[in-house]
Amino acid sequence: MQKLEPNFTGINNLNENLRAAAEAYTLRRPNDVYDFLKKEPSAIALVSEAHERIREHFPQDEIFLEVLRDPDSPMEKELLISISTRLPPIDAIKKLDAFDDSWWLGASSNSPVDICIKVEYR
């Protein structure tokens, strides 16, 4: 997998980075994800590294990326990363907590973009 570049240097790199994100994640409503990342290119590097770090805790599970809109404020949007797992809920929550504690809480604290990571059960 190609690592997304942390610095936005133009539309050509953005398109390459968007392709890399599309390959790393299963996109829900891909056009919404592309539009969001085009408007918020600073999120691309964090989304890329999040995928790599999630794989350390959930190596076999499918990982989705989508954009959520606040129904009360349609202009408010956030990225949602969903880890779809067959693990028992208690085990999945323990792994998500370990992911949060080991990396995510620190990494996301400086992000100008709202990104939420959750587990979903199959």
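Within the range 58-105, track down each residue that is within 16 Å of the chain's Cα centre (by Cα), buried (at least 18 other Cβ atoms within 10 Å of the Cβ) and small (Gly, Ala, Ser).
Result: 82, single match.
Please specify each residue of the range 16-64 satisfying the condition of being in contact (Cβ under 8 Å) with a residue 24 or more places away in the chain, in a loop (DSSP other than H, G, I, E, B) and closer than 23 Å to residue 86 by Cβ.
Of everything in the range 16-64, those that are in contact (Cβ under 8 Å) with a residue 24 or more places away in the chain, in a loop (DSSP other than H, G, I, E, B) and closer than 23 Å to residue 86 by Cβ turn out to be 25, 28, 58, 61.
Filter the range 1-26 down to the residues that are at pLDDT 90 or above and more than 21 Å from residue 103 (Cα to Cα) and list them by number.
26
The values are calculated or read from the model by the stated rules, or taken from the named source; none is laboratory data. Remember, it's a predicted structure, so these values are computed and weren't measured experimentally. Positions of Cβ are generated from backbone atoms using ideal geometry, with glycine treated the same way; all protein chains shown enter the neighbour counts.
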